[in-house]
Amino acid sequence: MTHRVRHTKQRAAILDTLEAMNRPLSLDEIQVGARERCPGIGERTIFRNLKEMMDEYLLVRVFLPGKPTLYELPTGEHRPHFICRNCDQVFQLPGETPEVMSRYKAPPEFEIDGEDVVFFGRCPACKK
Ligand SMILES: [Zn+2]
């Protein structure tokens, strides 16, 4: 029982961090936020919780070239991402990713099996 309560607290700290920051976060960023909400929470505990939460589809991973693995809340949609050229932070944008793969004529020697639309620019904070 005690274990279960702690477990829930740790998960809540991670989910709360992601909701509060409202953008995909790296493991380091999640650690900072989770420790503010749940002091004493260890790196291995956070990592284990992230893995379990991914297995249960409470979290999904985002892989973007040149970025550490990021974690975000699942939306059920394939959404585009945005990288701020000024602060380098990654954001998830609303709405479905526009269909790109079918519009692009790939050279026949390449086999394409995925796409990820990333926009660049300035985030709301940097635009001010
Ligand atoms: Zn920015």
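Observations on the model:
- Computed from point charges on the beta carbon alone (+1 for Lys and Arg, -1 for Asp and Glu), the dipole magnitude for segment 4-113 about its Cα centre is near 460 Debye.
- For Tyr71, the residues whose modelled amide H falls within less than 5 Å of its own, excluding neighbours fewer than 5 places apart on the same chain, are Leu25, Ser26, Val62.
- Our coupling estimate for segment 42-51, obtained by passing each phi through the Karplus curve with A = 6.51, B = -1.76, C = 1.60 and θ = phi - 60°, is x, 4, 5, 5, 4, 4, 5, 5, 4, 5 Hz, Gly and Pro reported as x.
- Gain upon complete extension [Arg85, Thr8; 0.36 nm per residue less C-alpha separation]: 24.1 nm
- Antiparallel content of DSSP bridges confined to segment 50-128, in %, to 5: 60
- Partners for Lys127 among aspartates and glutamates (Cα-Cα distance below 16 Å; same-chain residues under 8 apart left out): Asp88
- Over all pairs of different C-alpha atoms in segment 2-72, the reciprocal of the mean inverse distance, the Kirkwood hydrodynamic radius, equals 12.1 Å.
- Accessible surface, segment 2-72, averaged per residue in Å² (probe 1.4 Å): 61
- Helix-only mean residue ellipticity at 222 nm for the chain, each DSSP H run of n ≥ 4 adding -39500 (n - 2.57), per residue, nearest 500: -11500 deg cm²/dmol
- Top of Met101, Met21, Met54 by mean-square fluctuation, Gaussian network on the chain, Cα under 10 Å: Met101
- Loop-located chymotrypsin sites (Phe, Trp or Tyr not before Pro) in segment 28-128 (DSSP state other than H, G, I, E, B) with a sparse environment of at most 10 neighbouring Cβ atoms within 10 Å: Tyr57, Phe63, Tyr104, Phe110.
- Fully extending the segment from Phe47 to Lys67 would add 5.4 nm, taking 0.36 nm per residue of separation and subtracting the current Cα-Cα distance.
- Shown here for segment 3-85: trypsin sites (Lys or Arg not before Pro) in loop regions (DSSP other than H, G, I, E, B) with at most 13 other Cβ atoms within 10 Å, namely Arg85.
- Near the amide H of Arg79, within less than 5 Å, lie the amide hydrogens of Thr97, all on another chain or at least 5 residues away, with H placed in the peptide plane.
- Taken over the chain, the alpha-carbon convex hull comes to 138 cubic angstrom per residue.
- For segment 64-104, size of Cβ-based charge dipole, Lys and Arg +1, Asp and Glu -1, in debye: 160
- Summing Cβ point charges (Lys, Arg +1; Asp, Glu -1) relative to the Cα centre of segment 81-127 gives a dipole of roughly 460 debye.
- With every protein chain in place, the chain: carbon and sulfur % of accessible area (1.4 Å): 53
- Ranked from largest, the principal axis spans of the Cα set of segment 81-127 equal 42, 21, 13 Å.
- Across the chain, the longest piece that holds none of the GluC sites (Glu not before Pro) lying in DSSP loops with up to 14 other C-beta atoms within 10 Å covers 1-55.
- GNM top mover of Pro24, Pro65, Pro94 - the chain, alpha-carbon springs below 10 Å: Pro65
The values are calculated or read from the model by the stated rules, or taken from the named source; none is laboratory data. Owing to the predicted nature of the structure, the values given are computational and were not obtained by experimental measurement. Backbone-built Cβ (ideal geometry, glycine too); neighbour counts: all protein chains shown. Side chains included, ligands, DNA and RNA excluded: accessible areas come from the protein's heavy atoms. Shrake-Rupley method; radii C 1.70, N 1.55, O 1.52, S 1.80 Å.
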